[in-house]
Amino acid sequence: MHSVSNLDAAFSALADPTRRAILARLARGEATVMELAAPFEMTQPAISQHLKVLEDAGLVVRRVDGTKRPRRLAKGGVEAMDQWLAMLRKALEKSYDRLDEVLASMDKPKRGEER
Amino acid sequence: MSKMTLQTEGDTHIVITRRFAASPEAVYRAHTDPKLLQKWLLGPEGWTMPVCINDAKPGGKFRYEWANGKRSFHVTGELLELEPYSRIVHVERMHLPDPTPDNHVETRFDADGTGTLMAMRMTLPDAHTRASMLATGMERGMEASYVRLEGII
């Protein structure tokens, strides 16, 4: 169970679209800062800054490989992404629950036409 | 009422299904009539859709704008195929404010007993875009989480 402050840090870290995109990229496998910077048209220091926020929030970890420091999703990062997916699911479910009510209030077909 | 399903398929698809206790015609109308869309396509509590334009004809454009306090974003798209009351094909993109890559969506409404089974199949340009969308599309869900957090703290 996350403490509230950790959860808050994770959500704050996820509030930025670039950081969410970095997590989405790392969900497909580990990557170096150079590899992460390429698709974002951002400088490596800018990406490093985002990575620091993600690391501080416990969402991303680094490994030492010679001179490289490839990053990968931490277990907490996977959980956070799952949580985001769960929230998308909830947002859709909420909409469709409302649609049930809208449909119930729409003009009913005449009795004879009901299937 | 059966539960919604949301599944990824292959590298680039997302498939959502949901059953409704109404005719395909009613569910189709609720997906194309702006007055009806504004009542339900809102996501978590707190969001409204002040602008809902949907020119429901092949080649017609749509624009949905959502707002919650100072936060807002919108989706634009084009309707490609409309088969009343069974099928809608459209493309859409979110503006956050930069537009996301096009999401190609086919929505089917099939009679299922006394109700309708809706199946929405999204196709994204590539795996990276789909992963980003699943992460980015949760903007509004996040708002709800913040509200929940405020309740906890």
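Karplus couplings for segment A:49-59 from phi (6.51 cos²θ - 1.76 cosθ + 1.60, θ = phi - 60°), rounded to Hz, Gly and Pro as x?
Karplus values, whole Hz, x for Gly and Pro: 4, 4, 5, 4, 4, 5, 5, 4, 7, x, 9.
Taking beta carbons within 10 Å but only from partner chains, what does the mean come to for residues B:42-51?
Per-residue shielding by partner chains comes out at 2.
In terms of solvent-accessible area of protein heavy atoms at a 1.4 angstrom probe, what is the ranking of A:E55, B:E45, highest value first?
The most accessible residue leads, giving B:E45, A:E55.
Under a point spin-label approximation (7 Å from Cα along Cα-to-Cβ), what is the B:H13-A:D100 distance to one decimal in nm?
The answer from the label model is 2.7 nm.
Could you tell me the calculated FRET efficiency between B:D102 and A:A38, based on Cβ-Cβ distance and R0 = 25 angstrom, to the nearest 0.05?
Efficiency for this residue pair is about 0.65.
For A:D56, A:D65, what's the largest-to-smallest order of accessible area, 1.4 Å probe?
Most to least solvent-accessible, the answer reads A:D56, A:D65.
Given R₀ = 41 Å, FRET efficiency for A:A46-A:A86 by Cβ-Cβ distance, to 0.05?
0.85
How many nm separate the modelled label positions at B:E78 and B:K57, each set 7 Å beyond the Cα in the direction of the Cβ?
Computed distance between label sites B:E78 and B:K57 equals 1.6 nm.
The values are calculated or read from the model by the stated rules, or taken from the named source; none is laboratory data. Fair warning: this is a prediction, and the values are worked out from it, not measured in the lab. We place every Cβ from the backbone using ideal geometry, glycine too, and count neighbours over all the protein chains shown. SASA here: full protein model, heavy atoms, side chains in, ligands and nucleic acids out. Shrake-Rupley method; radii C 1.70, N 1.55, O 1.52, S 1.80 Å.
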